[in-house]
1. May I ask you to derive the FRET efficiency for Arg467 and Gln291 from their Cβ-Cβ distance with R0 = 51 Å, giving the value to the nearest 0.05?
2. Ranking Leu188, Leu221 by Cβ neighbours within 10 Å, fewest first, what do you get?
3. If R0 is 41 Å, what FRET efficiency do you get for Glu350 and Glu308 from their C-beta distance, rounded to 0.05?
4. Hey, what angle do you get for helix 388-406 against the long axis of the chain, alpha-carbon based, 0 to 90 degrees rounded to 10?
5. With the convex hull built on the Cα atoms of the stretch 197-280, state its orientation-averaged projected area in nm².
6. Please report, to two decimal places, log10 I(q)/I(0) for the stretch 273-380 at q = 0.10, 0.11 Å⁻¹ as given by the Debye formula with identical point scatterers on the Cα atoms and no solvent.
7. Using the basic label-point model (7 angstrom from Cα toward the beta carbon), what is the Glu317 to Thr411 distance in nanometres?
8. Output the relative contact order of the stretch 273-380, whole-number percent, from Cα pairs under 8 angstrom with separation of 6+ residues.
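Bear in mind these aren't lab numbers, they're just calculated from the coordinates by the rules spelled out. Just so we're clear, the structure is a prediction, and the values are computed from it rather than from any experiment. Cβ coordinates were reconstructed from backbone atoms using ideal geometry, including for glycine residues, and neighbour counts include every protein chain displayed.
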Amino acid sequence: MMGPVSANDATPGALDAALRRADKLGAILEVAQAMAARRSLDDLLPFILRETARVLDCERCSLLVLDRDTGELRSRVAQGVDGVDIRVPLGQGLAGTVAQTGEVINLRDAYDDPRFDRTWDVLNRYRTTSVLCVPMRDTRGEITGVIQALNANDGSFDGEDEVLIAALAGQAAQAIENARLHQEIEQLFEGFVQASVMAIESRDPTTAGHSGRVASLTVSLAEHVERAPPITYPGLRFSREQMQEIRYASLLHDFGKIGVREPVLVKADKLYPHEFDRVRQRFELARRDRQLASARRCLEAVRQRGLERLEEIQSDEQRRVDDELAALDDAFAFVVECNKPTVLAQGGFERLDDLRALCFHDSHGREQPLLLPDELSVLAIPRGSLSATERKEIESHVSHTWRFLSQIPWTRALRDVPRIAYAHHEKLDGRGYPQSLAARVIPVQSKMMAIADIYDALTASDRPYKRAVPHEAALRILRSEAGSGQLDAALLDVFIEAEIPRRALDR
């Protein structure tokens, strides 16, 4: 054990030893602090071994973690060993004995102990001499693994080394426990996010894959923006946690759609199927009405002009009714065309005004319109398939997303997920929704997501209510929106110049 140095021991050698002890103790404190800050096991375990070898002044170290499911020690990492999965059953070899008994093993020459397995030495042409193997215990005192130090540079490990490595082992066990807990939390969040995406897509299977594509596009854009920040975003950087935050916000940006009525959510055409069926039925009744009116005119003409003129009367009447039916069919074909959603605002619906005058007679002889005012209004929708009321309902999904995500106890590193998702439909000119935010308060992550979201919505080929827009046409639309002050032009330049769609969606 290490003890204080008295004045009588204050020889040059004793002072050097005391200084080395102080250096080692200081190193242990530094290592403990550094271990506490590391969250990834892949980073933490090599760090523990590297620092343990440095503090103990030995050739190499190995760390074996106890797998309670299999009852084995497994080496996640060992200095000088690449890609080798070492497995040691409890009670076998030096490490297995320490893990089972909790006792420290300190050997001057490992070959003198029958428990030592020389296989690794033979395969790697190595000669293990001194070995110091200690258990790692968690905060409950349970053994979670072992640390082995091999070949002390001064020939052997002493009691002071045992104290040092025991202190390091305790800190390592706690750091590994914390890292595992952090890993489990990340897996929990990942599972929750993936389940949420499945819930979104189950409401609207036609948009399956949209959330994942938007996430890939946004994360890829963020990586390239960070690599070469636009002049408007000097020094922009995203940490690993912030990249995860961007990914989660992108995956969940449409989660609020679970609060939108399904008929509105999956509306493919301007008229709902049952509404269009009613229109179709009226046109069928109108055809019958025209045919019946033709038969009546034919009878009246025979009555007035005589039966001997029947063939002439029928010929004239057939031409007339054919023209009337053709006009009805042409009008119905125009209604069918108007019923399809349009991707961009455009005209061409003026003819609907002429259709307001089209009528037919019902079974009681009453005149009825072929198209109702509400139907004419819906058929004249200039963009998409939604009426103003339905569009408001769809737009409400952003507020639903905010309310839902705000209820989740996000970690400190992910606390901005709701805010980023909430702003992905905001526009730089303040005309976005639902908050009409000014450009300066829209998170840059949301600005990137807006570009990715619009691009995917335009180019997606899995939407039954619109044709996919070609890549170049989609870029022209994005440039137009950036030119009108809706999208961030600098971020869009990176999106286009770095070929983000190709890089992100071809992965």
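1. With a Förster radius of 51 Å, E is 0.85.
2. Leu188, Leu221
3. 0.30
4. Computed tilt is about 10 degrees.
5. Mean shadow area of the hull around the Cα atoms is 7.7 nm².
6. Treating every Cα as an identical point scatterer, log10 I(q)/I(0) equals -0.38, -0.44.
7. About 8.4 nm separates the two model spin labels.
8. Relative contact order here is 31 percent.
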